[in-house]
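Beneath this line is the structure, given in structure tokens, with notes to follow.
Computed from the coordinates by the stated procedures, all read-outs in this text should not be read as laboratory data. All figures in this text were calculated on a predicted structure; none of them were measured in a lab. Don't worry about glycine lacking a Cβ; one is built from the backbone with ideal geometry, like all the others, and counts go over all protein chains shown.
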Amino acid sequence: MFLLKAQQRHAKYYESVLRICQKKYIAGGEEGLLALQDFDLDWANIQTGQKWAAENVFQNRLAATLACYYPDAGASILYFRLLSGQRIAWLTSAIDAAKTIEDPSMLAIHLGNLGLAYIDAGENDLAEKNFSESLSLAREASNLKQQASQLGNLGMLAAQGGNYPRAIGLLADCQKMMEELGNLPGQANALGNLGLAYSSIGNFAEALNFYRRALELFTQLGDLYGQALVLGKMGSILIDIGQYRQALGLSETQLDLSSRLGDSIGISMALSNLASAYTGLGELQKGIEHQIKSLGMYRQMGDRLGEAAGAGNLGNLYARLGLFDQAGELFEKQMAIAQEIKDKTLYRDGVSNLGNYNLRLEKYDLALEYFQEALAIDSELSDEYSEEVDATNCGTAYRLNGQVTEAIEFHRRAQRLALKIGDEHGLGSALANLGSDYKKIGDNQRAARYYSRHLKIARKLEDISGQADAFWNQALLYAETGDYLHARKRAKLALKLYRQLGSPSVEKVEKALALLESR
């Protein structure tokens, strides 16, 4: 009896310690960082208290109550300090406990948070089930805040599944409800998720607009984790549109904030963004150094998903340097992990990476086999965005292999998919590829029309890299037809933008322009 009372006092005390840490963390700024230090000092005791409560849910009423409250007491901190598997274990016990003590409000909260943990674990079907159950409970209780949260979660899940119109609609509803409730953290999260949805369909200008609004709110709240997360997403977009120097600055700030927070996943993501930014600037060795650090952190955490993705990213960098043996080993490692954890999406990414790897080796037939396999998995997963990407890859491989008719067929397929899912950036890429296809067979009029349409979209999206590429493609086309005056003009426009971006393409265009000037 004495031991039981001691265990009860211990568990109850450290649940309150966790709640105090959470309260201080939410206050933000330096107080939030101090709260994390307190959390780290007491973490072993917090774990012991939660473990006792979870193990005694069905034997002891106090244990059930504490098991129910532990995950919520430190929800914001636990979200980024625990891996998805650990969060699933805590929340599964909490759900049993909430049912035992008949607390539907806490049950709804835990179901929603368990859904988020399942998303991080790649179990989207289980995530949707939990979000839907939470939403039903919230509606029964007329809990508007919880309803808004689950609409946002379902929106985020719809975006991951490629249903972007549904995603944007749900997220907009969530944002509106949070605004009406005056809930700033909820608004910030909804704005950030809207940024992610618009980024997924290639509308980077709108995505950056939502991310900036989210960043403003997270800064106002002193939420360092939210700031780091949004900075990372903005950095990824800037990398995609070739604004590598700006991406570098944001990623360095993300790395600083994540390091101060002790957020290992955030640090790994920032290192990966820095690797991509340095690579884009032509500093491949720095890119590799940062990607190796990122991969090492995922391995240290035991994050198999992160390790597999990191192996693929590092493999792509080695392939760019011509280190094909090392690259191939990393792609095989990526696919082995994907098979081990039964993740079809990750396996498909590995297959697609091997396609690009063989493309660099000019083994076009083998590259096409991999791209076709990736396309089959895309169809199985109903992943139209990835299908668009892999169709583009197939088209490129066919063009390089001299099979232009097939290249046009696949680039038209990518164009149709981009239009269907609203991927404007992907649409621009498809148009540019079709321009190159028709240029290859000497249909320069069609090529010119496609390049012009690509330029129009790039301007609309404020995609400087896309505009530079479009000007350069037009310059090459004019030069091929002997119109050196217009070729020089377009090359100068491309050069100006490439210099603005700090792009490695500057040297190539400068040499070509010098040659054009002599004509």
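Some observations on this one:
- Among Gly162, Leu137, Ile421 the positive-end extreme of the charge dipole of the chain (Cβ point charges): Ile421
- Global geometry of segment 383-462, whether rounded, prolate or oblate, following the gyration tensor of its Cα atoms and the 1.5 cut on a/c: oblate
- Counted charge near Leu400, where neighbours are those whose Cβ lies closer than 14 Å (Asp, Glu -1; Lys, Arg +1): +1
- For the chain, the dipole from Cβ point charges (+1 on Lys and Arg, -1 on Asp and Glu) about the Cα centre works out to 1200 debye, to the nearest 20.
- Within the straight-line cut-off of under 17 Å between alpha carbons, the aspartates and glutamates reachable from Lys456 are Glu206, Asp423, Glu424, Asp469, sequence neighbours fewer than 8 places apart in one chain being disregarded.
- C-alpha long axis of helix 144-160 to longest principal axis of the chain, angle in °: 40
- In terms of its C-alpha gyration tensor, segment 171-260 has an oblate overall shape, because the principal axis ratio a/c (a ≥ b ≥ c, square roots of the eigenvalues) is not below 1.5 and a/b does not outweigh b/c.
- Across segment 494-500, rounded Karplus estimates of 3J(HN,Hα) from the backbone phi angles (6.51 cos²θ - 1.76 cosθ + 1.60, θ = phi - 60°) give 5, 4, 4, 6, 4, 5, 4 Hz, Gly and Pro being marked x.
- Pairs over the 27 Å Cα-Cα cut-off, from the set Lys440/Lys511; Lys363/Lys511; Lys293/Lys508: Lys363/Lys511; Lys293/Lys508.
- Working from label points 7 Å from Cα in the Cα-to-Cβ sense, the Glu332 to Ile441 distance is 3.9 nm.
- Segment 91-201: translational diffusion in µm²/s, Stokes-Einstein, Kirkwood Rh over Cα pairs, 37 °C, 0.692 mPa s: 237
- Eigenvalues of the alpha-carbon gyration tensor of segment 318-467, scaled by 5 and square-rooted, set the equivalent ellipsoid semi-axes at 28, 18, 14 angstrom, largest first.
- Highest average packing first - 336-349, 44-57, Cβ atoms within 10 Å: 44-57, 336-349
- Listed residue pairs exceeding 29 Å between alpha carbons, taken from Lys460/Lys492; Lys333/Lys460; Lys460/Lys496: Lys333/Lys460
- Viscosity 0.692 mPa s, temperature 37 °C, Stokes-Einstein D of the chain from Kirkwood C-alpha radius, µm²/s: 132
- Cα-based shape type of segment 212-310, given that a ≥ b ≥ c are square roots of the gyration tensor eigenvalues and the cut on a/c is 1.5: oblate
- Environment charge at Leu194 (Cβ cut-off 12 Å; Lys +1, Arg +1, Asp -1, Glu -1): +2
- Between segment 140-160 and segment 445-480, the alpha-carbon center distance in angstrom: 41
- Here segment 31-180 is treated as a Stokes sphere of Kirkwood radius computed over C-alpha pairs; at 10 °C and 1.306 mPa s its diffusion coefficient rounds to 99 µm²/s.
- Gap separating the Cα centres of segment 371-419 and segment 207-261, nearest whole Å: 32
- Calculated over segment 476-519: convex hull of Cα atoms, volume per residue (Å³): 55
- The string of couplings for segment 334-350 from the Karplus curve (6.51, -1.76, 1.60, θ = phi - 60°) is 4, 5, 5, 5, 4, 5, 4, 9, 6, 10, 5, 4, 5, 4, 4, 4, x Hz, one whole number per residue in order, with x for Gly and Pro.
- Cα-Cα over 19 Å, subset of Lys129/Lys233; Lys176/Lys233; Lys12/Lys51; Lys51/Lys129: Lys129/Lys233; Lys176/Lys233; Lys51/Lys129
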